[in-house]
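Let me begin by presenting the structure, written as structure tokens, before commenting on it.
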Amino acid sequence: MAPEVLRDEPSNEKSDIYSFGVILWELATLQQPWCNLNPPQVVAAVGFKGQRLEIPHDLNPQVAAIIEDCWANEPWKRPSFSNIMDRLKSLIKPSTP
């Protein structure tokens, strides 16, 4: 969940963008986020301490940048879904026959 949601503040599409960044992280790492923390600890870490999941150093830098952008502290700084899709589409390699 986005930090603002965890703090019970107003949310909008930008909160979903944050969550999409977490999903991208899960797909990239094949790990469960915050598996070493219980729910109240996750609320404290993400909602109030600004902590983020560690992005692997060997991850494609463009994918890492998308994830980081999705996790911007200020919701208005997060990209739109349209922007994310354009950036992801540019990473698709053409298939070879």
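Throughout, read-outs are computed from the coordinates displayed, never taken from laboratory work. Being a predicted model, the structure only gives us computed values, none of them experimental. Cβ coordinates were reconstructed from backbone atoms using ideal geometry, including for glycine residues, and neighbour counts include every protein chain displayed.
Rounded to whole numbers, the Karplus 3J(HN,Hα) couplings from phi for segment 54-68 are 7, 8, x, 5, 8, 6, 3, x, 6, 5, 4, 5, 4, 4, 4 Hz, using 6.51 cos²θ - 1.76 cosθ + 1.60 with θ = phi - 60°, and x at Gly and Pro.
In terms of its alpha-carbon gyration tensor, segment 9-55 comes out oblate; a/c meets the 1.5 threshold, while b/c is at least as large as a/b.
Relative contact order of the chain: 34 percent, from C-alpha pairs under 8 Å at least 6 residues apart in sequence.
Each label was represented as a point 7 Å from its Cα along the Cα-to-Cβ direction; for Q51 and E68 these points are 2.1 nm apart. Comparing H57, N38, L24 along the charge dipole axis of the chain, the residue lying farthest to the positive side is H57, per the Cβ-charge model.
Each residue of segment 25-33 was assigned a 3J(HN,Hα) from its phi angle through the Karplus expression (A = 6.51, B = -1.76, C = 1.60, θ = phi - 60°), giving 4, 4, 5, 6, 9, 6, 10, 8, x Hz with x at Gly and Pro.
Projection of the Cα convex hull of segment 3-91, averaged over all directions and equal to a quarter of that hull's surface, yields 5.8 nm².
Fewest neighbouring Cβ atoms within 10 Å first, the residues K14, K89, K49 line up as K89, K49, K14.
Residue by residue, segment 39-52 carries 3J(HN,Hα) couplings of x, x, 5, 5, 4, 5, 5, 7, x, 10, 10, x, 6, 10 Hz when phi is fed to the Karplus relation 6.51 cos²θ - 1.76 cosθ + 1.60 (θ = phi - 60°); x denotes Gly or Pro. Assuming charge only on the beta carbon of Lys and Arg (+1) and of Asp and Glu (-1), the dipole of segment 3-91 about its Cα centre is about 60 debye to the nearest 20.
Just to verify a number: FRET efficiency for L88 and R7, C-beta to C-beta distance, R0 = 35 Å, to 0.05?
0.75
With the helix formula -39500 (n - 2.57) applied to DSSP H stretches of n ≥ 4, the chain reaches a computed 222 nm mean residue ellipticity of -12500 deg cm²/dmol.
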